[in-house]
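Below is one structure; the comments refer to it alone.
The values are calculated or read from the model by the stated rules, or taken from the named source; none is laboratory data. Here the structure is a predicted model, which is why all the values come from computation and not from measurement. Please note: Cβ atoms are built from the backbone with ideal geometry, for glycine as well, and neighbour counts cover all protein chains shown. The protein model used for the area step is the full one, side chains on, heavy atoms only, and it has no ligands, DNA or RNA in it. Shrake-Rupley method; radii C 1.70, N 1.55, O 1.52, S 1.80 Å.
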Amino acid sequence: MNSPLSETHLENAAEERIWNFEHVELGKVEVQLEPNARALRMVLESERVSLALALTVSSSQAVSVSDWHASTRSGEVKHARFAVMLCFDFLFSLYKTLQHIGLNKEMTYLLPQQLNDDLQVSRVGFYQWPELWLTKQLEYPEARVYTETNGVRHPVRPPQPVGDVYRRFVPEVAKTLSFRPIDPVADLDVFHKWMNDSRVAAAWELDKPKEELAQYLQQRAQDPHMYSVVGSFDGELFGYFELYWRGSPIT
């Protein structure tokens, strides 16, 4: 007999599944998921923490942690927190109808208070929390301070990022999705190739020589109200994106 979540399983997801990947805080990670009739069992092993979760399935929209055990090799509570949140991310990712995860009262100290709504974590609240995927350490929500540039009122913008700005293992495809600032020199060849593809050029209108595209990227790098990034799956580049800070005109 399948669990009430069976309708949302990926192909063969009713069987035991194992994922292996790298996490910036936990190092090498292995996650094992064992679903059965009315329960789920998850085990996470990494270089810094071990975690076992037993979950009871009450409906297609809710599961509850019935038992858990975490052991950190580093002695840092944050590593146990990352392990719990990674497992919750896997559950929300794999079971699309799942809306709530009930918490064992003894584990609530591991999670940020903003995620604990009357001993449960909601899908909506979970994916508003940045800690698991953003590499910059944040206090969330950050205090917003405004300034003015050329008659436009906008939040004070942080410096241009360096290195990965977002990194997440996606269990559905078993690959790590990441975004980092584009390098105007090292990434110029692939940027030129993309922009001179007829399908891309139809939208971006940047089918230009390398010299002009290098100047374009340098201009973007010097623009404080935006930054340009490339996305990759397991380190293989797949796309270019421009992220903008929104501002509002002063009235």
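Structure above, values below:
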{"item": "At R0 = 45 Å, FRET efficiency that the Cβ-Cβ distance of residue 193 and residue 116 yields, to 0.05", "result": "0.40"}
{"item": "Residue-level accessible surface for residue 66, protein heavy atoms, 1.4 Å, Å²", "result": "70 Å²"}
{"item": "Most to least accessible of 101, 182, 18 (protein chains only, probe 1.4 Å)", "result": "18, 182, 101"}
{"item": "Signed unit charges on C-beta, dipole axis of the chain, positive-most listed residue 163, 56, 111", "result": "111"}
{"item": "Efficiency of FRET from Cβ geometry, residue 78 and residue 201, R₀ 30 Å, rounded to 0.05", "result": "0.05"}
{"item": "Prolate/oblate/rounded label for region 46-148 (Cα gyration tensor, a/c 1.5)", "result": "oblate"}
{"item": "In Å², nearest 10: area of residue 175 left accessible to a 1.4 Å probe", "result": "90 Å²"}
{"item": "Those residues of region 177-195 whose amide nitrogen sits under 18 Å from the label point placed on residue 211, 7 Å along Cα→Cβ", "result": "185, 188-189, 192-193"}
{"item": "For Cα extents along the principal axes in Å, calculated from these coordinates, the label among (i) 61, 37, 31; (ii) 52, 43, 27; (iii) 60, 42, 36", "result": "(iii)"}
{"item": "Protein accessible area in the chain, 1.4 Å probe - carbon and sulfur %", "result": "49 percent"}
{"item": "Estimated inter-spin distance, residue 218 and residue 128, nm [label 7 Å along Cα→Cβ]", "result": "4.4 nm"}
{"item": "Net dipole in debye of the chain [+1 Lys, Arg Cβ; -1 Asp, Glu Cβ; about Cα centre; nearest 20]", "result": "480 debye"}
{"item": "Value at 222 nm in deg cm²/dmol, rounded to 500, when DSSP H runs of n ≥ 4 in the chain each add -39,500 (n - 2.57)", "result": "-5500 deg cm²/dmol"}
{"item": "Gain on full stretching of the segment that runs from residue 146 to residue 242 - 0.36 nm per residue minus C-alpha separation", "result": "32.3 nm"}
